[in-house]
Amino acid sequence: QVQLVESGGGLVQPGGSLRLSCAASGLTLRKYVMGWYRQAPGNQREFVAINYGGYTNYADSAKGRFTISKDNANNTVYLQMNSLKPEDTAVYYCNAKLGSSVYWGQGTQVTVSS
């Protein structure tokens, strides 16, 4: 049974940093496209970043500020978020994809506010 468990969210001031973690179980991380998505109130869920092997891709809003990384040995995916802005406020979800199999975590709240 695949489980993705996010952690690391919280309240941070504008300009601050957070590191989100996604602990994966029931899958072999290196085989999956791992991603982070977010959903703000009233908005659709949107892409933030993906990591597959040595390949990474970011939404324009995340480029230069966010970094996605994987620790295959510990089956954990990270999202380092720097220079946070109020518009980054959202629930952040971890995603794992392999072919037609797609899995989501329960999400972790990130609030950027002074």
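In region 79-91, is there at least one residue being of a type outside the set (A, V, I, L, M) and either touching a helix residue (DSSP H, G or I) at 6+ places or on another chain (Cβ under 8 Å) or without any contact (Cβ under 8 Å) to a residue 24 or more places away in the chain (or both)? Outline the logic, then answer.
Keep residues of region 79-91 that are of a type outside the set (A, V, I, L, M), which gives 80, 82-83, 85-89.
Adding the requirement that they be either touching a helix residue (DSSP H, G or I) at 6+ places or on another chain (Cβ under 8 Å) or without any contact (Cβ under 8 Å) to a residue 24 or more places away in the chain (or both) leaves none.
No.
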Task: Complete set of residues in region 35-73 that are over 18 Å from V102 (Cα atoms), small (G, A, S) and either without any contact (Cβ under 8 Å) to a residue 24 or more places away in the chain or in contact with a Leu (Cβ under 6 Å, 6 or more places away or on another chain) (or both) - done: G42, G54, A59, A62, G64, S69, A73
Task: Residues (closer than 10 Å to Y32 by Cβ and touching a Leu at 6+ places or on another chain (Cβ under 7 Å)) located in region 97-114 - done: Y103
Task: region 16-34 residues that are closer than 10 Å to N74 by Cα and modelled with pLDDT under 95, paired with ones that are basic (K, R) and open to solvent by 20 Å² or more (accessible area, probe 1.4 Å) (beta carbon under 7 Å, 6 or more apart) - done: L29/K70
Open item on the list: Pairs needed: first member in region 101-114, over 17 Å from V12 (Cβ atoms) and open to solvent by less than 70 Å² (accessible area, probe 1.4 Å); second member anywhere, aromatic (F, W, Y) and in a strand (DSSP E or B); C-beta distance under 6 Å; at least 6 residues apart or different chains.
Closed with: G105/Y93
TODO: Give the residues of region 61-98 that are under 12 Å from L27 (Cβ atoms), open to solvent by 40 Å² or more (accessible area, probe 1.4 Å) and outside any strand (DSSP E or B), sorted by residue number.
DONE: N72
Task: Residue, most open to solvent (accessible area, probe 1.4 Å), within region 27-60, restricted to residues that are within 19 Å of G9 (Cα to Cα) and of a type in the set (V, I, T) - done: I50
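The values are calculated or read from the model by the stated rules, or taken from the named source; none is laboratory data. This is a predicted model, so every value here is computed, not measured. With ideal geometry, Cβ positions are generated from the backbone for all residues, glycine too; neighbour counts draw on all protein chains shown. Side chains are part of the model used for accessible areas, which takes the heavy atoms of the whole protein and leaves out ligands, DNA and RNA. Shrake-Rupley method; radii C 1.70, N 1.55, O 1.52, S 1.80 Å.
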